[in-house]
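Enquirer: Handing you this structure, nothing more for now.
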Amino acid sequence: MGPIGEDQFLFLMQGLKWTVLLAIVGFIGGGIFGTLIALLRTSKNKVARTITAGYIGVVQGTPLLMQLFVVYYGVALLGIDVNAWIAVAVAFTLHASAFLGEIWRGSIEAVPKGQTEAANALGLHYVSRMKDVILPQALKISMPATIGFLVQLTKGTSLAAIVGFIELTRAGQIISNQTYRPLLVFGIVGAIYFIICWPLSYAGSRLEKRMAKAAR
Amino acid sequence: MYTFDFGAVLDRAPELLWGSLGTVGLALAGMLLALVIGLLGVVARSSKSGITRAAVIMFVEVVRNTPFLVQIFFIYFALPLMGIRLNPTVTAIIALGINGGAYAIEIIRGGIESVSRGQIEAGFALGLHKADVFRLIVLKPALRAIYPSLTSQFIMLTLTTSVCTSIAAYELTSAAQRIESDTFRSFEVYFTVTAIYLAISSLMMGLFALISRHYFNYPTR
């Protein structure tokens, strides 16, 4: 057995950096495309609604690990030489956009119909109606679920370890193999994830309770 | 230009079929264990002992705020140290059950809390037995209330089984990885297997919807 010293700890922190970066990139990319998907999903155009519904259904009906593999090897087939980091980031963006799109679709539909009617009566066109009236309210409604998904996404980045990307979990595996102290190493790795995820979960559930009280 | 060759994958169809059955088996066993842990957890969560209640809350929070992959590695290495030697597939079922169980505790608790006190009192006032009150007034409406979230959690659990490949459990993703390393047809293999997962989860969703239509098809008011 080897000791867990400063070097091992620094290696884990290096991995943590990639975990956080992946989660942030996935969340921002997913946020941008997710908004688009939510808007298309709630649009009047039937084709757009069907296509986005299909996309959400496929992403939510298949394992994240398979999405990682398909995108990882799929991007390589396109003949462009991209590094693992880009491929994995693209996969998480696609994954997050479907989940966030579905969460935000629900939130947009949860905004009372009268708001849309009032905006129409005021002569607001689509862009202004969405940007100034519906989306700000929908964003507020969606907050608990959005935070919940951010936690899920952060945990999900660990699967990048299986395609060989060195983030926190993969760094833990490497150190575990070097030091033969799997329980200690995975205990530490788990604790680091917990320190990131738990405050988010807590904030999300606090918000949910407060909003439930306000709605009553 | 890359030419797709799905033939190399389809040649291994029997392996994919067995892998799919492994996945379904893993998922069903995991769901069952998750349900048992969920029910026991809810009982423990309302225990008179503060320590028991705190332990359940801590279990739920730790499991829900750490990745399944880290959990399965931890369990995989922890069991032998406790003198328990199991094959990877059984270890995977335990990990899936523990993970799903933590979510089930929260879901079931929410369902029981949704049954109002007044309804239970009304049941007693009508002269129903304690067992009947529990079965008809608490359990059935609570089951109906939690059914959508519980079943979507079960679908998630089914998709999560793919992570069990990391400890070489017997399921579809590990079959895919074997085929990939033999044929080097990475994209074709994972594309096919993704489609199989979609079929499995769609079938399950259909089945859950069917059960719900038969079982909970009564008016609420």
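Enquirer: Looking at the stretch B:70-95, which of its residues are assigned to a loop (DSSP other than H, G, I, E, B) and of a type outside the set (V, I, T)?
Expert: B:M82, B:G83, B:R85, B:L86, B:N87
Enquirer: B:V115 fails exactly one of the following numbered conditions: (1) at pLDDT below 90; (2) in a helix (DSSP H, G or I); (3) out of contact with any Phe, Trp or Tyr (no Cβ under 6 Å at 6 or more places or on another chain); (4) surrounded by 15 or more Cβ atoms within 10 Å (Cβ to Cβ). What is the number of that condition?
Expert: Only one criterion is unmet by B:V115, namely (2).
Enquirer: Here is a follow-up. What are the residues in the stretch B:8-24 that are touching a residue at least 60 places away in the same chain (Cβ under 8 Å) and closer than 17 Å to A:T62 by Cα, if any?
Expert: Within the stretch B:8-24, B:L16, B:G19, B:S20, B:G22, B:T23, B:V24 qualify.
Enquirer: Take B:I72 and tell me if it is surrounded by 19 or more Cβ atoms within 10 Å (Cβ to Cβ), more than 14 Å from chain A (Cβ to nearest Cβ) and among the β-branched types (V, I, T).
Expert: no
Enquirer: Consider A:R129 carefully, then state whether it is in a helix (DSSP H, G or I), within 14 Å of chain B (Cβ to nearest Cβ) and not aliphatic (A, V, I, L, M).
Expert: So A:R129 does not fit the description; no.
Enquirer: Take the residues in the stretch A:39-83 that are away from every other protein chain (no Cβ under 14 Å), part of a loop (DSSP other than H, G, I, E, B) and of a type in the set (V, I, T), then tell me which one is surrounded by the most Cβ atoms within 10 Å (Cβ to Cβ).
Expert: Going through the qualifying residues, I end up with A:T42.
Enquirer: Kindly list the number of the only condition in (1) within 13 Å of another protein chain (Cβ to nearest Cβ); (2) surrounded by fewer than 17 Cβ atoms within 10 Å (Cβ to Cβ) that fails for B:R135.
Expert: (1)
Enquirer: Could you tell me which residue of the stretch B:168-216 is nearest to the other protein chains (Cβ to nearest Cβ), considering only residues that are among the basic types (K, R) and part of a helix (DSSP H, G or I)?
Expert: Top of the filtered list is B:R178.
Enquirer: If you don't mind, there's one more thing I want to ask. Cβ contacts < 9 Å: first residue more than 20 Å from B:L159 (Cβ to Cβ), restricted to the stretch B:182-194; second residue among the charged types (D, E, K, R) and not in a helix (DSSP H, G or I), any location; separation 6+ or different chain. Result?
Expert: From residues that are more than 20 Å from B:L159 (Cβ to Cβ), the pairs are B:D182/B:R12; B:T183/B:D5; B:T183/B:D11; B:T183/B:R12; B:R185/B:D5; B:E188/B:D5.
Enquirer: So which residues in the stretch B:58-69 are surrounded by fewer than 19 Cβ atoms within 10 Å (Cβ to Cβ) and at the interface with chain A (Cβ under 8 Å from one of its Cβ atoms)?
Expert: Matches in the stretch B:58-69: B:E61, B:V62.
Enquirer: I'm told A:T154 meets every condition in (1) within 28 Å of A:A38 (Cβ to Cβ); (2) surrounded by fewer than 20 Cβ atoms within 10 Å (Cβ to Cβ); (3) of a type outside the set (D, E, K, R) except one. Can you identify the failing condition by its number?
Expert: So A:T154 meets the others, but not (2).
Enquirer: Pairs, please: C-beta under 7 Å, at least 6 apart or cross-chain, first residue touching a residue at least 40 places away in the same chain (Cβ under 8 Å) and in the stretch B:40-54, second of a type in the set (S, T, Y) and surrounded by 12 or more Cβ atoms within 10 Å (Cβ to Cβ)?
Expert: none
Enquirer: Could you please let me know if B:G127 is surrounded by fewer than 19 Cβ atoms within 10 Å (Cβ to Cβ) and away from every other protein chain (no Cβ under 12 Å)?
Expert: Considered against the rule, which asks whether it is surrounded by fewer than 19 Cβ atoms within 10 Å (Cβ to Cβ) and away from every other protein chain (no Cβ under 12 Å), B:G127 comes out as yes.
Enquirer: Which of the residues that make up the stretch A:187-216 are facing chain B (nearest Cβ under 8 Å), small (G, A, S) and farther than 17 Å from A:E167 by Cα?
Expert: Residue satisfying the conditions is A:S201 alone.
Enquirer: Quick check on B:E121: is it surrounded by fewer than 19 Cβ atoms within 10 Å (Cβ to Cβ) and over 25 Å from A:L200 (Cβ atoms)?
Expert: Considered against the rule, which asks whether it is surrounded by fewer than 19 Cβ atoms within 10 Å (Cβ to Cβ) and over 25 Å from A:L200 (Cβ atoms), B:E121 comes out as yes.
Enquirer: With the requirement that a residue be facing another protein chain (nearest Cβ under 8 Å) and not hydroxyl-bearing (S, T, Y), what does the stretch A:150-172 give you?
Expert: If the condition is that a residue be facing another protein chain (nearest Cβ under 8 Å) and not hydroxyl-bearing (S, T, Y), then A:V151, A:K155, A:G156, A:L159, A:A161, A:I162, A:G172 are the ones that fit.
Enquirer: Of all residues in the stretch B:152-174 being more than 16 Å from A:T62 (Cβ to Cβ) and not hydroxyl-bearing (S, T, Y), which is nearest to the chain's Cα centre (by Cα)?
Expert: Once the filter is applied, the top-ranked residue is B:Q153.
Enquirer: Which of the residues spanning the stretch B:64-93 are of a type in the set (G, A, S) and on the phi < 0 side of the Ramachandran plot?
Expert: If the condition is that a residue be of a type in the set (G, A, S) and on the phi < 0 side of the Ramachandran plot, then B:A78, B:A92 are the ones that fit.
Enquirer: Let me ask you something else. Residue by residue through the stretch B:191-221, note down the ones that are within 22 Å of B:L16 (Cα to Cα), in contact with a Ser or Thr (Cβ under 9 Å, 6 or more places away or on another chain) and surrounded by 16 or more Cβ atoms within 10 Å (Cβ to Cβ).
Expert: Residues satisfying the conditions are B:V193, B:T194, B:I196, B:Y197, B:L198, B:I200, B:S201, B:M204, B:M205.
Enquirer: Within the stretch A:173-186, how many residues are outside any loop (DSSP other than H, G, I, E, B), of a type outside the set (S, T, Y) and more than 7 Å from chain B (Cβ to nearest Cβ)?
Expert: Counting residues in the stretch A:173-186 that are outside any loop (DSSP other than H, G, I, E, B), of a type outside the set (S, T, Y) and more than 7 Å from chain B (Cβ to nearest Cβ) gives 7.
The values are calculated or read from the model by the stated rules, or taken from the named source; none is laboratory data. It should be emphasised that the depicted structure is a prediction, and the values quoted were computed from it without experimental measurement. Here Cβ is always computed from backbone atoms with ideal geometry, including for glycine, and neighbour counts include all displayed protein chains.
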